Amino acid sequence: MSDVITRFGSLDDYEKGGVEIINDDPRNYVFSNVFEVAKTNAPYARVAVGINFEYVIEAARAEGTSPWYTCAHDEFVLCMDGDVEVHLVKLARPDDHVDPEHEGAVQLADAMPEGRKMGRLVLGRGHQGLLPVGAAYRFHAEKPAVILVQTILGDVTVQKWAEICQTTA
Amino acid sequence: MAMSLSLDAQAAPTTSTASTDTETLEISNQTGFRAFRAGGFHFKRDEYFAHLSWPGGTHIIPIDVFLRAMMRDVAWGFFYGVVNFDAVFGTINHYGEVTMFAGRFNDAYRSAGRDYSERFQSAALMATFKELLSDWTVAGYDPFAAPMETGVPWGVKQGANDAAITRQRVTAHRMVGLLGDTPLRTDTAGFPVNRQFADVPQDQPVVEAEPGFEHEVSAYNLFGYLSRSDVTWNPSVCSVVGDSLFCPTSEEFILPVEHGNDRCEWFLQLSDEITWDVKDKETGKPRARVLARAGDICCMPADIRHQGYSTKRSMLLVWENGAAKIPQMIAEGTAPVTPVQF
Ligand SMILES: [Fe+2]
């Protein structure tokens, strides 16, 4: 057997690196750590940790049950720590919830949106799942977990770069 | 939503006046390797080195460094922006056309007016690069592999290894594992778990799809998928939101090029750690070193070049924006250098 140890991070065990400046501004590197961001923000606060034009990567702590969300385009969720359930419902009338041209996820007011049950994912660490266009989805985690969402900047995206990123050399 | 820029199939516009002047030259009696010419650039290899020359200059690159860099430049279709093989030689992608240069991003060459560039139609230069790579890669050497996992590139011409250098780049259209999309990696498909990821769990997520939703209720083990990558420093697209491309890759030893991206590029370290040397894109002067550990995420600005080092094989998620509007913005100087101000 190999004695190799692959180091993944977790909420309870992550070790941050950093930017060592020679001649630059550390802000240019927008350096943060997804476990730290998940740990220090409210459950299901979808905090942007990466942005590239309109596109973002959101980091969140999954803990308990999230609100329902939907989106007019595909999104993807990547579990970075713990176990996360994803419940999917095919919305009967998706356009009633989100304009087809709208970018980013929107939070639904409904406790249970109207539509057909699509199914369920249970993601462990390193598992990536599709949050398909036209579906409503919610997350559930018995114990605190960490998720990343590949999406577009939208209503639910929180931006707080100065708080999460390295600003001094 | 705009279609993503495909790096693999970019034809020059029919009005292109860029050069197609390339030539396969004679086989050396001493070494058995062919020589090649593209415009004014000449390429020769011997037992240890690639010898480059152009009007007004010559240059030598160790053959292992040269082949690893050439492998990436070919596999990535000249990639985004600048691919520096070393401090002197490289290519600039104009997406349909490509500039080959010597000293263009080297302060001393530039200041002395000694730098030299020629612009080619991408297809013409790519054909020559592929032929060169095939001729110069000897049996047993895989320029995609980590140095401890392959043979040596040294010596005179002895066989070839086309299977290693013609691997298809993986580009999922929606997500790995979906019906009709990029398949999962398995033992039977020829992708055993890499020795450096022997401890990575191979479990798959629970996927319960109601009838009719089997193709939309989908998930897979990305970390398991990456643990089975047989190549290093070769980002492959795993999930796609419009032009937002998740391009994870497994990294060991040194990124074989100094990448001078023409746009912001993000790195999310999924496992272990990588140290990045960051230098000014134009001059090559050092600007920063970035230590990224598991969970760290950072952006490489658009005015730098970067090269990474990974002792333990690590998993890195490279995040690119493939929007077709960006090359135009770059040409007009309106593409942002950093992705966000705060
Ligand atoms: Fe890069």
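The values are calculated or read from the model by the stated rules, or taken from the named source; none is laboratory data. Here the structure is a predicted model, which means the values were calculated and not measured. When we count neighbours, we look across all protein chains shown, and the Cβ atoms used for this are built from the backbone with ideal geometry, even at glycine. Only protein heavy atoms, including side chains, enter the accessible area calculation; ligands, DNA and RNA are left aside. Shrake-Rupley method; radii C 1.70, N 1.55, O 1.52, S 1.80 Å.
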Heavy atoms of A:W68 accessible to a 1.4 Å probe, total area in Å² rounded to 10: 10 Å²
Within the set A:L123, A:L148, A:L108, GNM on chain A using Cα springs under 10 Å gives the largest fluctuation to A:L108
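Within the P(r) computed for segment B:274-342, what percentage of the Cα pairs occupies the region above 19 Å?
On the way: 1046 of 2346 pairs.
Distances greater than 19 Å cover 45 percent of the Cα pairs.
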Taking the simple approach of a point 7 Å from Cα along Cα-to-Cβ for both A:E20 and B:T188, what is their distance in nm? 4.8 nm
How big is the shadow of the Cα convex hull of the protein assembly as shown, averaged over all directions, in nm²? 24.5 nm²
If Lys and Arg each add +1 and Asp and Glu each add -1, what is the summed charge of the other residues whose beta carbon sits under 14 Å from the beta carbon of A:I51? -2
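If I stretch the segment between B:D86 and B:A160 completely, what's the gain in nm (0.36 nm per residue apart, minus their alpha carbon distance), one decimal?
Values: separation 74, 0.36 × 74 = 26.64 nm, distance 2.48 nm.
Full extension from B:D86 to B:A160 adds 24.2 nm.
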Is the shape of segment A:34-158 rounded, prolate or oblate, going by the alpha carbon gyration tensor and its root eigenvalues a ≥ b ≥ c, with a/c under 1.5 for rounded and a/b larger than b/c for prolate? oblate
Length gained when the stretch B:E131-B:Q328 is fully extended (0.36 nm per residue, less Cα-Cα span): 67.8 nm
Under a Gaussian network model of chain B whose springs join Cα atoms within less than 10 Å, the largest fluctuation of B:P211, B:P235, B:P147 belongs to B:P211
Using 10 Å bins from zero, what percent of all Cα-Cα pairs in chain B falls into each bin? 5, 24, 34, 25, 10, 2, 0
Distance in nm between pseudo-label sites at B:F342 and B:S111 (7 Å out along the Cβ direction from Cα): 3.7 nm
Expressed as a fraction of 2.2 N^0.38 Å, the rule-of-thumb size for a compact globular protein of N residues, what is the C-alpha radius of gyration of segment B:3-165? 1.02
Selected from A:I147, A:I22, A:I57 as most flexible by GNM, with chain A as the system and alpha-carbon contacts under 10 Å: A:I22
Starting from the amide H of B:F89, placed 1.01 Å from N in the peptide plane, find each other amide H under 5 Å away whose residue is 5 or more places distant or on another chain. B:G103
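For segment B:186-342, what class follows from the C-alpha gyration tensor (a ≥ b ≥ c being the square roots of its eigenvalues): rounded when a/c is under 1.5, otherwise prolate if a/b is larger than b/c, else oblate?
Values: a/c = 2.48, a/b = 1.42, b/c = 1.75.
In terms of gyration-tensor shape, oblate.
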Sort A:D95, B:D243 by accessible area with a 1.4 Å probe, largest first. A:D95, B:D243
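What does the charge dipole of chain B about its Cα centre add up to, to the nearest 20 debye, if the Cβ of each Lys and Arg holds +1 and the Cβ of each Asp and Glu holds -1?
Details: 29 positive and 42 negative charges, 164 e Å.
Dipole of chain B, to the nearest 20 debye: 780 debye.
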Please work out whether segment B:108-222 counts as rounded, prolate or oblate from its C-alpha gyration tensor, where a ≥ b ≥ c are the square roots of the eigenvalues and a/c under 1.5 means rounded, while otherwise a/b larger than b/c means prolate and anything else oblate? prolate
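Let me have the relative contact order for chain B, percent, based on Cα pairs under 8 Å that are six or more residues apart. Let's see the in-between values first.
Working: 747 pairs, mean separation 54.6, N = 342.
16 percent.
Rounded to the nearest 500, what is chain B's calculated 222 nm mean residue ellipticity when only DSSP H runs of at least 4 contribute -39500 (n - 2.57) each, over all residues?
Numbers: 6 runs with 51 residues, N = 342.
Taking each H run of at least 4 residues, the total per residue is -4000 deg cm²/dmol.
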Accessible area lost on pairing A with B, both sides, 1.4 Å probe, Å² to nearest 100? 6000 Å²
